[in-house]
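Down below is the structure, laid out as structure tokens.
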Amino acid sequence: MIIGFMGYALGLKALNYFDAEHLPHRYWLILLPVLPTIYLVTTIIRAVSDMDEMKRKIVTEAMAFTGLATGFTCFSYLFLRDMGAPEFRPEWAFYIMWVYYFIGLFFSWRRYK
């Protein structure tokens, strides 16, 4: 917990430093987290393509459910926000996505059991 907080604090400090006016390449430095994301995506695609046919079908159905359910949830929350709900934070979509993935994985696994 403390290490996570320290990492978060250091990230905020780095973001404030990179946002300074005197750095000419600050926008390129902000894009550095995209590189591990690209690696993660290629690793996931490789892992799914190496699965046998049944596991691939289960995981693909769970991912399809995740994308659709997260999209509809985020879109529906716009109406709730207009009625006075708190502002939607972008990281909420990430957490919602994981919850929907495990729900979709469970139901897809149970169907092909």
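Throughout, read-outs are computed from the coordinates displayed, never taken from laboratory work. Just so we're clear, the structure is a prediction, and the values are computed from it rather than from any experiment. Using ideal geometry, Cβ is built from the backbone for each residue, glycine included, and neighbour counts are taken over all protein chains shown.
If you take all other residues with their beta carbon under 12 Å from the beta carbon of S49, and give Lys and Arg +1 and Asp and Glu -1, the sum is 0. A Förster distance of 41 Å, applied to the separation of the beta-carbon atoms of Y112 and E87, puts the FRET efficiency at 0.55.
For a modelled paramagnetic label at I96, 7 Å from Cα along Cα-to-Cβ, the residues of the stretch 53-71 in reach, with backbone nitrogen under 20 Å, are 62-71. Charged neighbours of I58, selected by a Cβ distance under 12 Å, balance to +3 (K, R count +1; D, E count -1).
Determine the distance separating the Cα centre of the stretch 49-79 from the Cα centre of the stretch 83-113; give it in Å without decimals. After rounding, the separation between the Cα centres reads 9 Å.
Dipole magnitude for the stretch 35-113: about 300 debye, using +1 per Lys or Arg Cβ and -1 per Asp or Glu Cβ, origin at the Cα centre.
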